[in-house]
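To keep things clear, I will list the structure first and then write my remarks on it.
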Amino acid sequence: MSNDLLSKVIINTVAASDARMGGAPVVAMSNFGSGNQGITATMPVVVVAEHLGVDEETLARALSLSHLTAISIHSRYTRLSALCAASTAAMGAAAGMAWLFTRDINTINTAIINMVSDITGMICDGASNSCAMKVSSVVSSAFKAVLMAMQNSCAGANDGIVCADVEQTINNLCRLVINPMTLTDKEIISIMVAK
């Protein structure tokens, strides 16, 4: 792997997630009651902050934005669902990274819309070591979404479930989680129990 910023974001975040899911006796920042979500909302922002050389207050603000964004999204749907919650935690990370790079609300909103367009539908099939692989996917998506947003590139408002408005886009995502994904959750549990 190269030593670019994206690789550093992925390596640091996935290593922390893998250690956590593997039972390593280390402390992790939680988000919405989950250490894995906390790692996903925290590590990408920390890596970008270190790369940019920002001070502690700026890092704290970016982390606050990341965690509050993730909490805001997750609080709109059921606590336990078929949607991989690392994906919504990574939407928070995208907000934090976008803020560090630009301090621009439109870039932050666009990054979240891009993420909803990219990774909606990733399922949760139970806490396991495979979570680290999903974390790799969602933090990669977050970084890509931020880069696209910084170039004023946004998923089209007529594409899939995304809209021009970030709040409506998030609400559409949560509608999927609350309604049809309830059946998905039951089927996942059925498959896991039958093993």
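The values are calculated or read from the model by the stated rules, or taken from the named source; none is laboratory data. This structure is a prediction, so every number in the text was calculated from the model and none was measured. Don't worry about glycine lacking a Cβ; one is built from the backbone with ideal geometry, like all the others, and counts go over all protein chains shown.
Remarks
- Per-region count, the stretch 48-58, residues without any contact (Cβ under 8 Å) to a residue 24 or more places away in the chain and either at negative phi or assigned to a helix (DSSP H, G or I) (or both): 4
- The stretch 64-78: number of residues that are of a type outside the set (Gly, Ala, Ser), within 16 Å of the chain's Cα centre (by Cα) and part of a loop (DSSP other than H, G, I, E, B): 2
- Members of the stretch 11-41 that are free of Cβ contacts under 8 Å to residues at least 40 places away in the same chain and touching a Ser or Thr at 6+ places or on another chain (Cβ under 7 Å): Met29
- When restricted to residues that are buried (at least 24 other Cβ atoms within 10 Å of the Cβ) and under 18 Å from Gln168 (Cα atoms), the stretch 90-106 contains 4.
- No other residue among Ala82, Ala127, Ala95, Ala111 is farther than 15 Å from Thr13 by Cβ, touching a Leu at 6+ places or on another chain (Cβ under 6 Å) and either free of Cβ contacts under 8 Å to residues at least 24 places away in the same chain or not aromatic (Phe, Trp, Tyr) (or both) apart from Ala95.
- Residues satisfying the stated conditions in the stretch 128-155, i.e. surrounded by fewer than 15 Cβ atoms within 10 Å (Cβ to Cβ), small (Gly, Ala, Ser) and more than 20 Å from Asp104 (Cα to Cα): Ser128, Ser130
- Check on Ser87, assigned to a helix (DSSP H, G or I) and closer than 16 Å to Ser140 by Cα: yes
- The residues in the stretch 68-114 that are small (Gly, Ala, Ser) and in contact with a strand residue (DSSP E or B) (Cβ under 8 Å, 6 or more places away or on another chain) can be counted, and the count is 5.
- Residue list for the stretch 1-35, filter: of a type in the set (Ser, Thr, Tyr) and either closer than 12 Å to Val135 by Cα or more than 15 Å from the chain's Cα centre (by Cα) (or both): Ser2, Ser7, Thr13, Ser17
- Helices (runs of 4 or more DSSP H) (entirely within the stretch 94-195) containing at least 3 residues that are on the phi < 0 side of the Ramachandran plot, modelled with pLDDT of 95 or more and of a type in the set (Val, Ile, Thr): 105-119, 131-150, 166-178
- Taking the criterion of being at pLDDT below 95 and not in a helix (DSSP H, G or I), the residues of the stretch 1-30 that qualify are Met1, Ser2, Asn3, Gly22, Gly23, Ala24, Pro25, Val26, Val27, Ala28, Met29, Ser30.
- Selection status of Arg61, of a type in the set (Lys, Arg) and not in a loop (DSSP other than H, G, I, E, B): yes
- Taken together, Gln168, Gln151 contain a single residue that is under 21 Å from Ala49 (Cα atoms) and more than 15 Å from the chain's Cα centre (by Cα), which is Gln151.
- Which listed residue, of Ser141, Ser137, Ser190, is among the polar types (S, T, N, Q) and in contact with an Asp or Glu (Cβ under 8 Å, 6 or more places away or on another chain): Ser141
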